[in-house]
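The structure appears right after this line, and notes come after that.
Each reported figure results from applying straightforward, stated rules to the coordinates on display, with no laboratory input. Everything numeric here is computed off the predicted structure, so don't read it as measured data. Positions of Cβ are generated from backbone atoms using ideal geometry, with glycine treated the same way; all protein chains shown enter the neighbour counts.
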Amino acid sequence: MPHDFRVYGHLAGLNDNELKTCLEHLSGYECEVSDHVLDFVHEGVFIDVDSDLDGLLRLVSPDVRGIIDIINHQDWEMYRCTLSGGTLTRSRIALDNALDTAYASERRS
């Protein structure tokens, strides 16, 4: 059965305390830790991802960086959130062109 809503996140540069608090905050997600990098995934029903992201901002230092992709299959929308310098920015990505957008940098090299 296809999922209507997906969230794929990647946070890097977390210290031990940030890693612990982020894991607690994201307990509803599938999480995987490698060194001081946290990957998290949600595939299924719609969740309040905005509240989760707002909460993450309060838990991490400005040194933490990351990318979070939010995909809504019902409305055919994708947003990429970029965490850098303590700020989270969100941009819309055309879902039809998501792979082209994601790999555009490889074509320029």
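Cα axis of helix 16-25 to longest principal axis of the chain: angle in degrees, 0 to 90, nearest 10?
60 degrees
Using only alpha carbon positions, build the gyration tensor of segment 20-71, then give the equivalent ellipsoid semi-axes as the square roots of 5 times its eigenvalues, largest first, whole angstrom.
So the equivalent ellipsoid measures 18, 13, 11 Å along its semi-axes.
Would you mind working out the magnitude of the charge dipole of the chain relative to its Cα centre, with +1 at each Lys and Arg C-beta and -1 at each Asp and Glu C-beta, to the nearest 20 Debye?
So the dipole magnitude of the chain works out to roughly 420 debye.
Calculate how steeply helix 49-59 sits against the longest principal axis of the alpha-carbon atoms of the chain, using the helix alpha-carbon long axis, and give the answer as 0 to 90 degrees to the nearest 10.
Taking the Cα atoms of the chain, the angle to 49-59 is about 30 degrees.
At q = 0.13, 0.18, 0.23 Å⁻¹, what log₁₀ I(q)/I(0) does the chain have when each alpha carbon counts as one equal point scatterer in the Debye sum?
At q = 0.13, 0.18, 0.23 Å⁻¹ the computed log10 ratios are -0.50, -0.92, -1.32.
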